[in-house]
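What follows is a short report on a single structure.
The values are calculated or read from the model by the stated rules, or taken from the named source; none is laboratory data. The model shown is predicted, which means the values in this text are computed figures rather than measured ones. Cβ: placed from backbone, ideal geometry, glycine included. Neighbour counts: every protein chain shown. The protein model used for the area step is the full one, side chains on, heavy atoms only, and it has no ligands, DNA or RNA in it. Shrake-Rupley method; radii C 1.70, N 1.55, O 1.52, S 1.80 Å.
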Amino acid sequence: LAIPNQEIRNLYQVIIEKWLANGYGLEWYEEFLNHLLNGNMEEFQKGLRHIMEHIVSVHDVGKKEPESFYHGLMIGLTASLAGDKKYETRSNRESGYGRYDYLILARDPHKLSILLEFKQITLPTGKKETADIQAVLDKAAQEALQQIDTQGYFAELKQRGLTNILKIGLAFSGKRFGMAH
C-alpha cells in the first residue's frame, strides 16, 4: 500500500496538518477509525461528514478521475492499519468477478472485515434541493453496495473462512457523500 505520487503525498500532509491543527488530534482519529472497525456506521458517517465539510476542498478533487481522490482519501484515513498486526489493507484487488476498491481484512475471524466500494457521481448543474442531492447520492451508494454482491467481491474473504463482513457503498460528489451498508 503506497501513496501514488508526491502530489497526493503533499495533499494528505496538508489535510492531516489542518485536521490536527483544528483540535482533532490522535484521540479523535482513533475514535473515528474504531467506529469504522467496530461497525458503528452512524458515528463513522458523522466523522467522515466532518472531514468532508471542514477539511476537504472541492478543489482537491481531480477533474479527470475524481473517484481516485475519494479512494485515496479513504486509504489515507485508514493508513495506520497498514502496520497493524490485526489487519491487512488491500486496494484494487481482483476477487470474485471483478475488482473491489478497498478491503480492510481482519486477521481475527471474530473481528469485522470491511469491504468498501466507491462511486463518484456528477450531479446535474442547476439548483437542486439538498434532499434531492442526498437522495441521488444515497441511491448511488446503494448501487455500489449491490455491486459488491453481484460481483462477488467477498470471494477472497470467504476463501479465508471469514464471514464477519461489513460491506459499505460510498458515493461522492464534491464534498457530499451517501453511504449504504
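Tell me whether region 134-144 contains one or more residues that are open to solvent by less than 30 Å² (accessible area, probe 1.4 Å) and out of contact with any Gly (no Cβ under 7 Å at 6 or more places or on another chain). So far as region 134-144 goes, no, none of its residues is open to solvent by less than 30 Å² (accessible area, probe 1.4 Å) and out of contact with any Gly (no Cβ under 7 Å at 6 or more places or on another chain). Among the residues of region 9-54, those that are of a type in the set (A, V, I, L, M), at pLDDT below 85 and surrounded by fewer than 18 Cβ atoms within 10 Å (Cβ to Cβ) comprise VAL14, ILE16, LEU20, ALA21, LEU26. Total residues in region 117-174 satisfying the condition of being farther than 17 Å from MET41 by Cα and assigned to a strand (DSSP E or B): the figure is 3. For region 97-113, filtering for residues that are open to solvent by 20 Å² or more (accessible area, probe 1.4 Å) and under 12 Å from LEU36 (Cα atoms) leaves 2.
The combined condition, being open to solvent by 60 Å² or more (accessible area, probe 1.4 Å) and closer than 23 Å to ILE55 by Cβ, is not fulfilled by SER91. Close contacts from region 146-162, counting a first residue that is in contact (Cβ under 8 Å) with a residue 24 or more places away in the chain and a second that is in a helix (DSSP H, G or I), with Cβ to Cβ under 8 Å and a gap of 6+ residues or different chains, come to TYR153/GLN147; PHE154/ILE148. Between THR122, THR150, the distinction of being modelled with pLDDT under 95, within 20 Å of the chain's Cα centre (by Cα) and open to solvent by 60 Å² or more (accessible area, probe 1.4 Å) belongs to THR122 only.
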